[in-house]
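Undergrad: Sharing a structure below in structure tokens format, with a few things to ask.
Please treat every number below as a calculation from the coordinates, not as lab data. Everything quoted here is computed from the prediction, not taken from an experiment. Positions of Cβ are generated from backbone atoms using ideal geometry, with glycine treated the same way; all protein chains shown enter the neighbour counts.
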Amino acid sequence: MTTTTFEADEEPNYRVLSIQSHTVSGYCGNKAAVFPLQTLGFDVDNLNTVQFSNHTGYPSWTGSRMNAQDVQELFDGLENNELIGEYTHVLTGYIGNFAILETIQNMVEKLKAANPSLIYRKYRNICEQHESHCSKNIMKYADVVTPNQFEAETLSEMKITSLEEACRVAEKLHSLGSPNVVITSLSLSLDDVPDQVRLETSSKESLYCLSSQQINDGTTTEQYLIAFPTYEGYFTGTGDLFSSLTVAHFAHKQNSLIDAVFKVICSVNAIAKKTYLYQQKRNNSTEAGKSNAANMARNCELRLIQGKKEIEEPERYMDVIKKVKISF
């Protein structure tokens, strides 16, 4: 008789608790975050704070929002069954309710106590009320934050009108507690953009990404500007996609922020291009503003499932993305 020995899985076991909204149709919130993470080998438990028929870019939507007690009851169920110690990462999306954000803060404290190496990725936890206070309060627990320009300005209480000011805003966000900051979409003057990252398609409408990481025990800040093609159109869920891929690549790249973010942008930009081309084909013209009809909104949904290859192989799309290290 032959005995076969099965070796333990050498791949790291990652499990993410993703706390975001959910739509029955379309791709935003958890619908945009879960598939990319699972594709890259992460188990995902999704806690849906909102249950809508579709995203709010449509003419109408139906559904309901959870309250803080609802969220707490779900977490209690996980805790009572000793499931919270399995989480290696927590990902949160937009939270429009101050009480829920306070509940999440308490949850993250417990999760970090259960697993001190747990990574908390915070995306858009800006409440509609008390937004500055509640978001800043939870920043100290966030290992990575990925605000867009408006959100970064809100959190830092500073305006961004230049690359140097963007770097200062990132430093301010570091001072609030997060060692890794990604400002996902910066609008900069072409005159302010280094030649190394100017693309053939660069224009005054182009957007950029700033990666800022504290290294050497927080004594040094390493910052990069990343340029990528910009597609004119209406997109939803790109931020949720960006944040989920950041979780995955930040883990795979052993906490090198710029290496992770560069891969993230390669995938997100490739899926945005795929979506843009689909929009053109279905609508005959790209919607530059917010879509105002259900069929047009449907045509603008991210081509997420069709972008599986773009998620799995970001290296294939690196030739159109440029980065440069910056310092002031």
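Undergrad: How would you rank SER162, SER212, going from fewest to most other Cβ atoms within 10 Å of each one's own Cβ?
TA: Exposure proxy ranking, most exposed first: SER162, SER212.
Undergrad: Would you mind listing how long the stretch 188-245 runs along its three principal axes, going by Cα atoms, in whole Å with the largest first?
TA: Over the stretch 188-245, Cα extents along the principal axes are 41, 30, 14 Å.
Undergrad: Name the residue, out of LEU17, LEU111, LEU190, whose mean-square fluctuation peaks in a Gaussian network model built on the chain with Cα pairs under 10 Å.
TA: Largest GNM mean-square fluctuation: LEU190.
Undergrad: Here's a follow-up. Compute the FRET efficiency between ALA99 and GLU157 as 1/(1 + (r/R0)^6), taking r as their Cβ-Cβ distance and R0 = 25 Å, and round to the nearest 0.05. Please list the in-between numbers first.
TA: Numbers: r = 23 Å, r/R0 = 0.94.
Calculated value: 0.60.
Undergrad: Can I ask one more? Using amide H atoms built 1.01 Å from N in the peptide plane, name the residues 5+ places from GLY29, or on other chains, whose amide H lies under 5 Å from its own.
TA: The list, which skips near neighbours in sequence, is ASP240.
Undergrad: For a footprinting-style exposure proxy, rank LEU277, LEU91 by other Cβ within 10 Å, fewest first.
TA: Numbers: LEU277 14, LEU91 27.
By the 10 Å Cβ count, ascending: LEU277, LEU91.
Undergrad: For the stretch 89-97, take each phi angle, set θ = phi - 60°, evaluate the Karplus expression 6.51 cos²θ - 1.76 cosθ + 1.60, and give the result in whole Hz per residue in order, putting x for glycine and proline.
TA: For the stretch 89-97, the Karplus-derived couplings read 9, 10, 10, 10, x, 5, 10, x, 9 Hz, x marking Gly and Pro.
Undergrad: Quick check on the exposure proxy: order LYS159, LYS253 from fewest to most C-beta atoms within 10 angstrom.
TA: LYS159, LYS253
Undergrad: So, one more: Long-range amide H contacts for VAL44: which residues qualify at under 5 Å (H placed 1.01 Å from N, peptide plane, sequence gap of 5 or more or a different chain)?
TA: Hits under the 5 Å cutoff: VAL16.
Undergrad: If you don't mind, another one. Modelled label-to-label distance, LEU190 and ASN255, 7 Å Cα→beta-carbon offset: nm?
TA: Spacing of the two 7 Å Cα→Cβ label points: 4.1 nm.
Undergrad: Another question, then. Given H placed 1.01 Å from N in the peptide plane, which residues other than close sequence neighbours of MET66 have an amide H under 5 Å from its amide H?
TA: Here the answer is VAL50, GLN51, since their amide H atoms fall under 5 Å of that of MET66.
Undergrad: Sticking with this structure for a sec: Largest first and in whole Å, give the semi-axes of the chain's equivalent ellipsoid, each being the square root of 5 times a Cα gyration tensor eigenvalue.
TA: Numbers: eigenvalues 168, 120, 104 Å².
Equivalent-ellipsoid dimensions as semi-axes: 29, 25, 23 Å.
Undergrad: I would also like to ask the following. Would you mind computing, in nm to one decimal, how far apart the modelled labels at ARG198 and GLU86 are, each placed 7 Å from Cα along Cα→Cβ?
TA: 5.3 nm
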